[in-house]
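Participant: Below is one structure. I have some questions about it.
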Amino acid sequence: MQQLTGLDTSFLNMETPTTYGHVSGLAVFDPSTASHPATLDDIKQLILERIHLLPPYRRRLVEVPFGLDHPYWIEDPDFDIDFHVRHMGLPPPGDRRQLAEQVSRIVARPLDRRRPLWELYLIEGLEGGFIAQLTKIHHCCIDGVSGAEILATLLDVTPEPRKVDPPRRAWRPEPQPTEIEMVARGLWAVMGTPRKGFRLARQAVRHLPELSKSLGFGELPGTALINRALGRKPDPLLSEAATPAPRTPFNDSITPHRRFAYGSLSLEDVKEIKNEFGVTVNDVVMGLCAGALRHYLDERRQLPADALVAMVPVSVRTEQQQGTFGNQVSAMTASLHTHIADPVQRLEKIHESMRVAKEQHKALPATLMQDFAQFAPPAVAARAARVIARATVANWVDVPFNVVISNVPGPQFPIYGCGAQLVANYPVSAINDGIGLNITVQSYNGSLDFGIIACRELMPDVWDLMDYLSDAMQELKEAAKKHRAGA
């Protein structure tokens, strides 16, 4: 058995009847490059041939009674590939909105915790003769980087699938442990909690100023006293007051229902903008999202006077942790400066905000957030997470951020699945109470593939936001052209 980390467990704890802990990816393929159209059996056979390289695909959860400790993985004694790989078709014409609506319905259903926590849907009937695969997997199994590793394991760099060496040892399922065994493990873990808590508290106090600002809570009371006690001079970079995120229509309680929209923008255009204004690719992505959100809210007369704030996931996975799956992530917050009308000025301010956010994040130990998650007993952590979400929605505390924006790098060359070329790979992430909008971007073969997911009731017109992203790109391209001409 292998135990989940505290951070992995937190993605299980976040689940409620309206919030789901899984993430998904919508891969669109062109079957014309394959020798024959891939069937459901072809896909199942490919997965089974490579499943020894995909540990999350055969692991099942075993909970510790009473939430005394984090759950464990066992090799599922009842693993059944037919349960996980499914088939469906779209009615004519099979356009983008039909596909997005089907995706919205699939991701709005929780995964069965009695099985390995993943599903794959082969979707046929897309316009243009394309096919799609929607992969749905729980966030407790993977983060963005390990999700990309799964994609690389299942796909190939040529239309001809590569030969994969069989496992050195035959796979063996594990027996289900008894509740008495799991209670004993939980009680043993509880005995070590005070010692771990003391070490964590000492580390947290030392880094409280940086931690509070990195998570968007500003300077907490007592920060100056802590700095003096530790003999530290205030860092001007970290002493800038963080402005609470303003309320927007998508910062409210979410329902179980989702809306999904997707589209692609040119990575080359983003790089040209980046080079012209001396910023990073991620700054431009943030600038595009800021421009689109400003347009979306302004059109509806709901644009706050204060700037929106984004939470940006950050991978802290080391080279030694490659291929280990699970979660090795942290987070930082940065202003989107949506109160600025000029797109170039907004981009420059975002660049500065991201620089400050990175400095704040670098001041923290890479594993501090994981250590916090590891310390709290799962039953306590789950209740605390729900209380915080309710407090945010009820306006008892400020919203720490308005939207999650994530940018995941991908391969810049064509890849193939069962011979069919991958055309685009659109992320489908998660939302929760108080944060009803998520924009995730994956780069692939010269494109930025955007996946936007929102609560259906809070943001029913999510396709408009995708259109505004294209408008924001055009706006920055024209500004870069003028800047170049005037240089």
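Participant: Go through segment 17-29 and report how many residues are buried (at least 17 other Cβ atoms within 10 Å of the Cβ) and either more than 18 Å from the chain's Cα centre (by Cα) or among the acidic types (Asp, Glu) (or both).
Facilitator: 2
Participant: From the residues in segment 450-469 that are closer than 21 Å to Ser266 by Cβ and among the aliphatic types (A, V, I, L, M), which one is nearest to the chain's Cα centre (by Cα)?
Facilitator: Across segment 450-469, the extreme among qualifying residues is Ile452.
Participant: Can you give me the number of residues within segment 59-75 that are buried (at least 19 other Cβ atoms within 10 Å of the Cβ) and assigned to a loop (DSSP other than H, G, I, E, B)?
Facilitator: Looking only at that region, the number is 5.
Participant: Looking at segment 474-487 only, could you name the residues that are touching a residue at least 24 places away in the same chain (Cβ under 8 Å) and open to solvent by 10 Å² or more (accessible area, probe 1.4 Å)?
Facilitator: Once the filter is applied, which keeps residues that are touching a residue at least 24 places away in the same chain (Cβ under 8 Å) and open to solvent by 10 Å² or more (accessible area, probe 1.4 Å), segment 474-487 yields Glu475, Lys477, Ala479, His483, Arg484.
Participant: Please report, ordered by residue number, the helices (runs of 4 or more DSSP H) entirely within segment 328-442 with at least 2 residues that are among the small types (Gly, Ala, Ser), at pLDDT below 90 and open to solvent by 30 Å² or more (accessible area, probe 1.4 Å).
Facilitator: Ranges flagged: 378-393.
Participant: Of the numbered conditions (1) open to solvent by less than 40 Å² (accessible area, probe 1.4 Å); (2) in a helix (DSSP H, G or I); (3) out of contact with any Asp or Glu (no Cβ under 9 Å at 6 or more places or on another chain), Lys44 fails exactly one; give the number of that condition.
Facilitator: (3)
Participant: Further, regarding this structure: If you go through segment 137-174, how many residues are surrounded by 15 or more Cβ atoms within 10 Å (Cβ to Cβ) and of a type in the set (S, T, N, Q)?
Facilitator: Number satisfying all stated conditions: 2.
Participant: If you don't mind, another one. Taking the condition modelled with pLDDT of 95 or more, in a loop (DSSP other than H, G, I, E, B) and either open to solvent by 40 Å² or more (accessible area, probe 1.4 Å) or not polar (S, T, N, Q) (or both), does Phe250 pass?
Facilitator: Yes: the conditions hold for Phe250.
The values are calculated or read from the model by the stated rules, or taken from the named source; none is laboratory data. Keep in mind it's a predicted model, so treat the numbers as computed, not measured. So basically every Cβ, Gly included, is an ideal-geometry build from the backbone, and we count neighbours across all protein chains shown. In case anyone asks, the SASA skips ligands and DNA or RNA and just uses the protein heavy atoms, side chains included. Shrake-Rupley method; radii C 1.70, N 1.55, O 1.52, S 1.80 Å.
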